[in-house]
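Throughout, read-outs are computed from the coordinates displayed, never taken from laboratory work. A quick note: this is a predicted structure, and the numbers were derived from the prediction, not measured. Counting neighbours? That spans all protein chains shown, and the Cβs are built from the backbone with ideal geometry, glycine included.
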């Protein structure tokens, strides 16, 4: 009997050892599969993050060019204000630039923003970006700076120069414009024949236009700085 009991004990011992090894093997296999799947997910997220960041970077480079164009346009608008102020005050001006300054005086601009990369990021989840400070800078640029810039250029009533001033300025300046055979403004008859009251009204318009252009230029400068800093962060 002791021999039989001992044999049974040895069988049970071998069985538990066998099952223990099999369980451990299965456990390791499952754990490895989970770890591999997790690694694949992280690698896929990392690749997606890099692609989105690259798309945002490319968009920001195009935005910089548009910002530069609009900055130059508003600066031309300010130069036009100075030109027409000199005309109204009877100072000497270069008459061959009348057409250019007349067009630039009330020219409006739109803010073209390449947001496809950011929209992709939002659709995938902002938390996809692991760098908290970089994510914060991106959100601030697209959700604040760009939206304010678009409102200034396209929605803010005081910044709609053509709608607000072109007709009024034409009433005062139009009679002195001279057109060539092609219908283009060629020169200006001087001096302007108008009362001091009318001159003051025109000077007020010019003051308001220049003030608002200077204001938006200041904001453009801040946005341009933010875009360049974000590009540097992304590239680093």
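Here are the numbers:
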| read-out | value |
| --- | --- |
| Segment 91-236, relative contact order [Cα under 8 Å, separation at least 6], % | 32 |
| Spacing of the two label points (7 Å from each Cα toward its C-beta) at residue 214 and residue 132, in nm | 4.2 |
| Overall form of segment 172-234 per C-alpha gyration tensor (a/c, 1.5; a/b vs b/c) | oblate |
| Förster radius 41 Å - calculated FRET efficiency between residue 179 and residue 225 (Cβ-Cβ, nearest 0.05) | 0.40 |
